[in-house]
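Asker: Pasting a structure here, questions to come.
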Amino acid sequence: MRHIYTAWLCFALGVNISAASQPPQAAIATAHPVATEAGLEILAAGGNAFDAAVGVSATLAVVEPYSSGIGGGGFWLLHREADSLQVMIDGREKAPLAASRTMYQDAKGKVVPGLSVDGALAAGIPGEPAALVHIAETYGKLPLSRSLAPAIRAARNGFKVTPHYRRMAKFRLKALRTSPAAAEVFLLHNAVPPLGHHIKQPDLANTLQALANQGRAGFYQGKVAKQLLSGVKSAGGIWGVQDFEQYEVMERTPVNGKYRGYRIVSAPPPSSGGVALVTILNILEKYRLKSLTSLQRQHVIVEAMRRAYRDRAEYLGDPDFVDVPVKQLIDKNHAAQWQRSISLKQATPSNSLGQVADTSGGNHTTHFSILDKAGNRVAATLSINYPFGSCFMPPGTGVLLNDEMDDFSAKPGVPNVYGLVGAEANAIAPGKRMLSSMSPTFIEGQQGIAILGTPGGSRIITMVLLAGLGYTEGLDAEAMVRLPRFHHQYLPDKIFYEPEAISDQQRTHLQAMGHELKALQQPYGNMQVVIWDKQANRVSAASDPRGEGKALLH
Ligand code: GLY
């Protein structure tokens, strides 16, 4: 059966069936060297890509506490080579059962600044612990205790404060100081620790050990659960026992698209990533991009982004709560309609496409990409939302809680912490998953396979788009992560860009076409890419030079 499927896939994609069927090396790219090493340790111990993903996720939770953690959630896109299974493990946080639509509004219906960002009330029910247990039990070869060992060791022994750690801690200093347990772990005498200082997390090590020993019950039941629930309650939060009993990991079918002979496999709702990515590529397929000038190319990419983000704003939300018309949105006919509304000479003002609000996205998150020697692969994007999440740590647990509730729209039309506003499909409801932009992605073609993704809030999708387009046009892993970035998200009606992405002359021309532009002072994103070139039978990997990560082959 598998051979028939493989033959069909080869035919559909025009793949040369003499191409390598197993990669010569494994590869891991993550946002932190200690996490990359942890993944390699798991592979060396006989684990597969899925075991390595568990080890990497848990280690990132320790050494990159501002980006993701077991107090948060994420999406793990898996490919199992033996039967070509492709599935997305949805460990996204859920709104507590006591949550309500207006919980971040005051008596007059005004959204209270900060309430969905800082402190216990901002935290959704964590999904990462349940997801790690699920991945290990369903797809891994090693016991969970083995895959979690490097993370537990890193939590006990400590990791060194880096320049990026200091920037993140400085940014969230005020909020970290309000949680004594968090301040004890992540600050030194209530101040940003110096470079090289060791951050040790004995409570987190114990919590991870409980997860390793007892599986799901080690986090969602027993001592850890009691400490989490009472800590949240005494800090004004609304978590209850039932939230923990009812939290479930979902296995979801990835979004599948086709672009010029490539297969695009990406995150389905409750992420908006896959739908928006495929919509943009469907629109761009209508153009011969190579025959456009670089200015026209930038213009049509921006116009395609604008339209896909408008769809995102109107239609995307948790598919268990709202009817998301995925099939229609990624249909080529829908893209053709959008394409007909694009002028090659003039920008389309976003407000002329109809009044729909945009949705939110966090700006601190993490991504890793893994390929093992059997050809199994994982693209995973994980988050606690804002840097250091809610900055709240229930005493005794070592678990820093997310502030993913801010990814809901607190009130339709009212901007969230990123200045973005949300729509009905993403309104708060008890037990609902908040909309995400996280876009772990595979791009599969005749030449081979790219495994990619990045943090970056609502800009995640356009970063994956630009790198993915680059891959289809022959860029290697290093060039993909280095690529200068630009972004449009429908509202605000502006092109945001890294200065290297758009020259002064191009800026002048784009302005003359009616575009508004904003050059960003800071680079953004932290992309991790692994490529298996099946024709050359070569594996390569790259970690974004904007970050502190590491890519290694094994
Ligand atoms: N909190 C980041 C995202 O899910 O998009």
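Asker: Among 443-456, 98-111, what's the highest-first ranking by average C-beta atoms within 10 angstrom per residue?
Answerer: Numbers: 443-456: 25.1, 98-111: 13.9.
Descending mean neighbour count gives 443-456, 98-111.
Asker: Excluding P430 itself, what net charge comes from residues whose Cβ is under 11 Å from its Cβ, given Lys and Arg +1 and Asp and Glu -1? Don't skip to the end; give the middle numbers.
Answerer: Values: positive: K94, R101, K432; negative: D243.
My count for the surroundings of P430 gives +2.
Asker: Alpha carbon centre of the range 526-541 versus the range 446-492: separation in Å?
Answerer: Value for the Cα centre distance between the two parts: 14 Å.
Asker: Holding the Cα-Cα limit at 25 Å, pick out from K141/K226; K327/K550; K108/K518; K411/K432; K373/K550 the pairs that are longer than that.
Answerer: K141/K226; K327/K550; K108/K518
Asker: Follow-up. Of V529, H198, Y497, which is farthest along the charge dipole of the chain in the positive direction, counting Lys and Arg as +1 and Asp and Glu as -1 at C-beta?
Answerer: Among V529, H198, Y497, the one farthest towards the positive end of the dipole of the chain is Y497.
Asker: Show which aspartates and glutamates lie in cross-link reach of K286 when reach means a straight Cα distance below 19 angstrom and same-chain residues fewer than eight apart are skipped.
Answerer: Within the straight-line cut-off, K286 pairs with E303, D311, D331, E473.
Asker: Quick one: order T138, T381 by neighbouring beta-carbon count within 10 Å, fewest to most.
Answerer: Sorted ascending by nearby Cβ count, the order is T138, T381.
Asker: Mind ordering 394-404, 292-302 by average Cβ neighbours within 10 Å, highest first?
Answerer: The most tightly packed comes first, giving 394-404, 292-302.
Asker: Collect residues whose amide H, placed 1.01 Å from N in the peptide plane, falls under 5 Å from the amide H of R485; neighbours closer than 5 in sequence don't count.
Answerer: E498, A501
Asker: Need the list of lysines near K170 for cross-linking: C-alpha distance under 23 angstrom, and skip anything on the same chain fewer than eight residues off.
Answerer: In chain and number order, the partners are K160, K200.
Asker: How would you rank 167-175, 120-128, highest first, on the average number of other Cβ atoms within 10 Å across their residues?
Answerer: Working: 167-175: 17.8, 120-128: 27.7.
Highest to lowest by the protection proxy: 120-128, 167-175.
Asker: Can you tell me how the chain classifies by the Cα gyration tensor, rounded, prolate or oblate, using a/c under 1.5 as the rounded cut? Could you put the intermediate results ahead of the total?
Answerer: Details: a/c = 1.57, a/b = 1.18, b/c = 1.34.
Judged from the Cα gyration tensor, the chain comes out oblate (a/c at least 1.5, b/c at or above a/b).
Asker: Taking the number of other C-beta atoms within 10 Å as the exposure measure, put I135, I502 in order starting with the fewest.
Answerer: I502, I135
Asker: What does the charge dipole of the range 375-504 about its Cα centre add up to, to the nearest 20 debye, if the Cβ of each Lys and Arg holds +1 and the Cβ of each Asp and Glu holds -1?
Answerer: Dipole about the Cα centre, nearest 20: 340 debye.
Asker: Separate question: Go through S84, I152, F388 and say which Cα lies farthest out towards the positive end of the charge dipole of the chain; charges sit on Cβ, +1 for Lys and Arg, -1 for Asp and Glu.
Answerer: Selected residue: F388.
Asker: Then there's this: Taking the number of other C-beta atoms within 10 Å as the exposure measure, put S343, S116, S145, S436 in order starting with the fewest.
Answerer: Arranged by neighbour count, lowest to highest, S343, S116, S145, S436 become S343, S145, S116, S436.
Read the figures in this text as sums done on the coordinates, not as results from a lab. Predicted, not measured: the structure shown is a model, and the values here were computed from it. Cβ sites come from the backbone with ideal geometry, for glycine too, and all protein chains shown count toward neighbours.
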